[in-house]
Amino acid sequence: MAAHRTAYERHAPDPRLVERALAGSEQSVFWLEDAGVSSLFPSLTASTRADLTIVGGGYLGLWSAVHAKRRDPGRSVVLLEAQTIGWAASGRNGGFCEASLTHGEANGRSRWPEDFDVLEQMGTDNLAAFEADVHDLDLACEWERTGTLSVAVEDHQVPWLRDEPHFLDRAQVRAEIHSPLFLAGSWEASSNALVHPARLALELARVATELGVEIHEHSAVTGLRRRSSGAVELATDRATVTSGHVVLATSVFRSLVRRNRLMTVPVYDYVLMTEPLSDAQLASIGWAGRQGLGDLANQFHYSRLSADNRILWGGYDAIYPVGGTVHVRHEDRPESHARLASHFLATFPQLEDVRFTHRWAGAIDTSTQFTAFYGLTHGDRVAHAAGFTGLGVGGTRFAAEVLLDLLAGVPTERTSLGMVRSRPLPFPPEPLASGGINLTRWSLDRADHRRGRRNLFLRGLDRVGLGFDS
Ligand SMILES: Cc1cc2nc3c(=O)[nH]c(=O)nc-3n(C[C@H](O)[C@H](O)[C@H](O)COP(=O)(O)OP(=O)(O)OC[C@H]3O[C@@H](n4cnc5c(N)ncnc54)[C@H](O)[C@@H]3O)c2cc1C
């Protein structure tokens, strides 16, 4: 089958328009800037003790802190964050809060068929409980229950949507959001919400401190060891914390547990944010329903409006840096940001006068099963979870409950799930990791250029349940 050009390539704008749209943008995370994220908590300077110590101040660590205090208000909880609360993935994501705990139905059904209905119900319950928390804890995180619109931008994608309960034909999808690229769509109204990612992190930190959690920023944990008493000692540069239990919520950063180091790889995802649209610009694209938006390609775009009517436009390129390092230098990738701007203008040619103000990137903690894996170490006193693979906004709230269940040592419906009990395959060490991941990316790109047809290599990975996604 001959390669064909994708819709984004066929409708590519004049490169001068791309350059102009990006010219005034800054390499800076809009959400962090908008939420005014700065250092709020002191670093750890004196050694201390706690019942529970949490390492990592992203959503997983913060939800663990909040749930722990809600379960047992008398327990002392310390949270140690290497930089500042929510600076990493939790403060820079798309803000799509999905009910799915399994990275979508197809992945969940194929990996855990016998648990799938329970997993779906738990995901729905988690989203409902999340919404209740937003109200009860007064989380000012711009929660919007607008649903998501999945759109076909290639002919071969249209049949994939036809059996969806909320199928929209070409005229209907374009009535929602006016783009000449949209050929069909489906609107899933109930299984997701949108949030302001950085505000959510800061609000969780506020609630945690109100519940009595002691948070320390600029307090990277450099060592973890079990003392003869059974307690676990965490070392930072200046002091230690000795605790009965520990939660490791360090995501894609170097794990403090050696055997977890090949379980996730960082995949960089790139994002643009426009200036606020004028009323006339907004009218030219419709979008009155303010849905989250995503296309159906292997290399897909996601997009949404902010509270002040900017458009966030992300996805497509998913870059694995050679050696699997997490480093700020990977965030500045002009060719990825230019590709994003080009695809944005192909989608919304009527917005050629809109300028991008922010461009950024973040590392996605990718696991081979596309969902988090869990475990206990150090005499069952240390619990860990990581590997949410680009869908952790909702899932981390659930995962925090799992970690506390595991540490409590009492079996629950959550801890008996195959998804929680089984450990996925690790990634191979370098240089095999780079070779395999880049071959997968190449194959996915090729599938997008061959009307979705997956090559032998991808079909082989599908068969053994191995994958690479963002
Ligand atoms: C660009 C982008 C877009 C995304 N879009 C979405 C989306 O729309 N919807 C969705 O569901 N998911 C999305 N995700 C994924 C989602 O953001 C993550 O799954 C989620 O934020 C993970 O939370 P976390 O707490 O596990 O990790 P993080 O937010 O990465 O937090 C981990 C924290 O641990 C700290 N840490 C690490 N090591 C140490 C140490 N030794 N000592 C102390 N602290 C340490 C780090 O400094 C960091 O703050 C996206 C991710 C990215 C990057």
Packing-based order for 95-103, 296-304, 43-51, 334-342, using average beta carbon neighbours within 10 Å, highest first: 95-103, 296-304, 334-342, 43-51
Would you please classify the overall shape of segment 208-366 from the alpha carbon gyration tensor, given that a ≥ b ≥ c denote the square roots of the eigenvalues, rounded means a/c under 1.5, and beyond that prolate means a/b larger than b/c while oblate covers the rest? prolate
Would you calculate the separation in nanometres between label points at Glu413 and Arg254, each defined as 7 Å from the Cα along the Cα-to-beta-carbon direction? 4.1 nm
Calculate, in nm to one decimal, what Arg227 and Ser39 gain on full extension: separation in residues at 0.36 nm each, minus their alpha carbon distance. 64.5 nm
For each of Glu26, Glu33, Glu203, count neighbouring Cβ atoms within 10 Å of the residue's Cβ, then give the residues from fewest to most. Glu26, Glu33, Glu203
Of segment 181-203, those with amide N under 19 Å from the point 7 Å along the Cα→Cβ vector of Ala171 are 181-187
Whether segment 1-137 is rounded, prolate or oblate, judged on the alpha carbon gyration tensor where a/c under 1.5 counts as rounded: oblate
Could you state the angle between the C-alpha long axis of helix 432-448 and the longest principal axis of the C-alpha atoms of the chain, as a value from 0 to 90 degrees rounded to the nearest 10? 30 degrees
Mean separation of Cα contacts under 8 Å (6+ apart) over length of the chain, as relative contact order %: 24 percent
What FRET efficiency comes out for the pair Leu282/Ala132, r = Cβ-Cβ distance, R0 = 41 Å, nearest 0.05? 0.85
Students often check this: by mean Cβ neighbours within 10 Å, which of 4-17, 55-68 ranks highest, and how do the rest follow? 55-68, 4-17
Cβ crowding within 10 Å averaged over residues, with 178-190, 222-234 ranked highest first: 178-190, 222-234
Taking a ≥ b ≥ c as the square roots of the Cα gyration tensor eigenvalues, with a/c under 1.5 meaning rounded and otherwise prolate when a/b beats b/c or oblate if not, the chain comes out prolate
If the label point sits 7 Å along Cα→Cβ of Glu210, residues of segment 120-153 with amide N under 19 Å come out as 129-144
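Values in this text are rule-based calculations from the coordinates and carry no lab data. All values derive from a computational prediction rather than experimental measurement. As a convention, Cβ positions derive from the backbone with ideal geometry for all residues, glycine included, and neighbour counts pool all protein chains shown.
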